[in-house]
1. Looking only at strands (runs of 3 or more DSSP E) that fall completely inside the range 1-87, which ones have 1 or more residues that are modelled with pLDDT under 95 and either surrounded by 15 or more Cβ atoms within 10 Å (Cβ to Cβ) or within 15 Å of the ligand (Cβ to nearest atom) (or both)?
2. Please work out if residue 154 is more than 14 Å from the ligand (Cβ to nearest atom), within 26 Å of residue 210 (Cβ to Cβ), part of a loop (DSSP other than H, G, I, E, B) and over 17 Å from the mean Cα position of the chain (by Cα).
3. Filter the range 100-127 down to residues that are within 16 Å of the ligand (Cβ to nearest atom), in contact (Cβ under 8 Å) with a residue 24 or more places away in the chain and assigned to a loop (DSSP other than H, G, I, E, B) and give me whichever is surrounded by the fewest Cβ atoms within 10 Å (Cβ to Cβ).
4. Give all pairs with beta carbons closer than 6 Å in which a residue from the range 1-15 that is within 16 Å of residue 159 (Cβ to Cβ) meets a residue that is in a loop (DSSP other than H, G, I, E, B) and within 10 Å of the ligand (Cβ to nearest atom); count only pairs at least 6 apart in sequence or on separate chains.
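The values are calculated or read from the model by the stated rules, or taken from the named source; none is laboratory data. The model shown is predicted, which means the values in this text are computed figures rather than measured ones. Using ideal geometry, Cβ is built from the backbone for each residue, glycine included, and neighbour counts are taken over all protein chains shown.
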Ligand code: KDG
């Protein structure tokens, strides 16, 4: 049984190519929690993924991808009546922008009843995101059930709010995310997330608020500025590495996968965050969410630089 289990929605990716033709898209793979699982697998963790995919070409492509990446897909169900989701990435002056074709997808038909509870109960770390919760009320309930099961068996719970305002009403997003923060061992928000959750708080005030809401630990991911790690007793800023970034899609997911991998391997959270910061920097050096995810040797090389 896998040590780390992630739950969510995989999306086939069409990423605008940086060619002269803006209508050219490169096909890749995405979906924040699938990205996280693949990142962790590439960094040496034993990872499983829980979702539903359509009985279609894209669903089969994901099953092949997870198999080739060493992600255990025994928690994946093929749904004969709904498609695998898709998203498009466009690149503009404000960075990347996502458009989705995911309403009614197979993954959105997850419910607490469809969860492989045996896989979740055996895991040492369970991960989900606000995107998993935003795709449907059944999937949202499934995250609460999975986190309850993880907490009952003493597993680490990692949670990335990854708030996508296109996917759910703001008031619901804020309410669900803050209710979930109360359940997590490690809350892993980005600066974009905290801008949606709080009005104009300093990073320290954000971390205080997340601890007050019940998070045992917080890592505030600050992109090119690195991250701030707080275990409740101690706080540390981890600077980012300078790399030639071309596309930040999936960098936060890579951080989550690398952080989970090192926590399960026994690192303290500050060392795990240093490692994850290096892994996330490398994830920005190529296009797409999955293709540039680094392997352990790449991260070791950057850390040694
Ligand atoms: O973090 C990258 C993800 O956002 C991307 O792969 C697509 O999961 C995705 C989403 O729903 O935005």
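1. Working: elements: 4-7, 11-16, 25-30, 47-54, 72-79.
Output list reads 11-16, 25-30.
2. Details: more than 14 Å from the ligand (Cβ to nearest atom): yes; within 26 Å of residue 210 (Cβ to Cβ): yes; part of a loop (DSSP other than H, G, I, E, B): yes; over 17 Å from the mean Cα position of the chain (by Cα): yes.
Spelling it out, residue 154 is indeed more than 14 Å from the ligand (Cβ to nearest atom), within 26 Å of residue 210 (Cβ to Cβ), part of a loop (DSSP other than H, G, I, E, B) and over 17 Å from the mean Cα position of the chain (by Cα).
3. 102
4. Partner pairs satisfying both residue conditions: 9/31; 9/135.
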